[in-house]
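Worksheet: one structure, shown below.
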């Protein structure tokens, strides 16, 4: 295992786990992937992912809580961990949402090969299933995994908001689920087969909210019907709330903003849509978003160009390029010569710095990569070059999510092709 020992920004924190690394073993399961990580205001750390065995296709979600030093909080769940399934189905996790009184898990349930059903579970802050939520603690939205409604059923508005076109979700990026100010739940699915996706809204108790576009959902579509949705978030423009989705269509990174009633926001981009292309870089893919100061938007993803670079984009609230960020142009990051760099998640620290995480190819493998930027420029106070690659073991391992603590230390969740879950903390 390669570990950095100096105590400077961008190095692993020696006060966290074993020299900055915490391995997660789930009793009874061989494998564990951590997909989402959150830092609570009290210093405790929450993670969520899924666990499974090599023999069999049944997976379970796992939720855990750790102390600031990386040790399991034995007062949470069952000795620090909760293992379960959405209504006891095979389950995977997309995101963990941490609130003041509850934890919301969002993922998929059912058959991972033929398409999963968007599913939620709600827990108390101590890891106890909240059976007052939806159906005994679970909201399994079978209606969002079915075919399009028939002509006798309610239809969405015809302004680019189309009916459901196919089943299933696929794991894209962390987050993508939020509690709205009125307690309702905003989320998304990415359709596995039709390469599309839905932005949808639930009531506070986990039922599709039909006041949103008459059916509770809207299809993410730029008119080409060949789009992929990868994330959604609550976004304010001129202090007015809206729902912003990101993804791609053919070779373009795509951002689409909806009003709270499910219509395209005519004040954002061109009729609610912003598409960004760059023929020199091949196709552009937006996977994740974060809120920047003054209602600006950060998009993170990658390109299909030779060498496959990571990509960061900043937009003004109305969807125009932010000139404060690389003079209004995307930032492409190829961290290793002739190797691939991909950003899977990004966050804005309390000091306004951009932290992006993902993977970088190296000698035929993929290693965890963490980078820090100031307005699109690498922050050289971070590991001397603005980024750090961490190699833990052989095979493929990449950062799946990131959170920044109040002291600017950086928490990273990882996805691996070897047993044991993994979280890391870097000095900030």
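The values are calculated or read from the model by the stated rules, or taken from the named source; none is laboratory data. In this text, all values refer to a predicted model and were calculated from it rather than measured experimentally. Here Cβ is always computed from backbone atoms with ideal geometry, including for glycine, and neighbour counts include all displayed protein chains.
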Restricting to region 340-381, name every residue that is over 21 Å from residue 299 (Cα atoms) and at pLDDT 95 or above. 380, 381
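Does at least one position in region 320-327 carry a residue that is surrounded by 20 or more Cβ atoms within 10 Å (Cβ to Cβ) and over 19 Å from residue 8 (Cβ atoms)?
Within region 320-327, the first condition is being surrounded by 20 or more Cβ atoms within 10 Å (Cβ to Cβ), and the residues that meet it are 322, 325.
Within this subset, residues satisfying the condition of being over 19 Å from residue 8 (Cβ atoms) are 322, 325.
Within region 320-327, one or more residues are surrounded by 20 or more Cβ atoms within 10 Å (Cβ to Cβ) and over 19 Å from residue 8 (Cβ atoms).
Considering only region 337-364, state which residues are farther than 30 Å from residue 258 by Cβ and crowded, with 16+ Cβ neighbours inside 10 Å. Quick ask: steps written out before the conclusion?
Taking region 337-364 first, the residues farther than 30 Å from residue 258 by Cβ are 337-341, 351, 359-364.
Within region 337-364, 339, 340, 341, 359, 360, 361 qualify.
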Of the residues that make up region 336-348, is at least one in contact with a strand residue (DSSP E or B) (Cβ under 9 Å, 6 or more places away or on another chain), within 19 Å of residue 425 (Cβ to Cβ) and without any contact (Cβ under 8 Å) to a residue 40 or more places away in the chain? no
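Between 261, 182, which is assigned to a loop (DSSP other than H, G, I, E, B) and in contact (Cβ under 8 Å) with a residue 40 or more places away in the chain? Reasoning before the result, please.
Details: 182 fails: in contact (Cβ under 8 Å) with a residue 40 or more places away in the chain.
None of the other options fit; the residue is 261.
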Residue hits (region 301-310; crowded, with 21+ Cβ neighbours inside 10 Å, under 16 Å from residue 249 (Cα atoms) and over 16 Å from the mean Cα position of the chain (by Cα)) are 303
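When you scan region 100-119, do you find a residue that is assigned to a loop (DSSP other than H, G, I, E, B), crowded, with 18+ Cβ neighbours inside 10 Å, within 21 Å of the chain's Cα centre (by Cα) and on the phi < 0 side of the Ramachandran plot, even just one?
Going residue by residue through region 100-119, those that are assigned to a loop (DSSP other than H, G, I, E, B) are 100-101, 112-114.
Filter again for crowded, with 18+ Cβ neighbours inside 10 Å, leaving 112.
Next cut, within 21 Å of the chain's Cα centre (by Cα) only: 112.
Retained after the next criterion (residues that are on the phi < 0 side of the Ramachandran plot): 112.
Yes.
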Given (1) part of a strand (DSSP E or B); (2) within 23 Å of residue 179 (Cα to Cα), index of the condition residue 285 fails: (2)
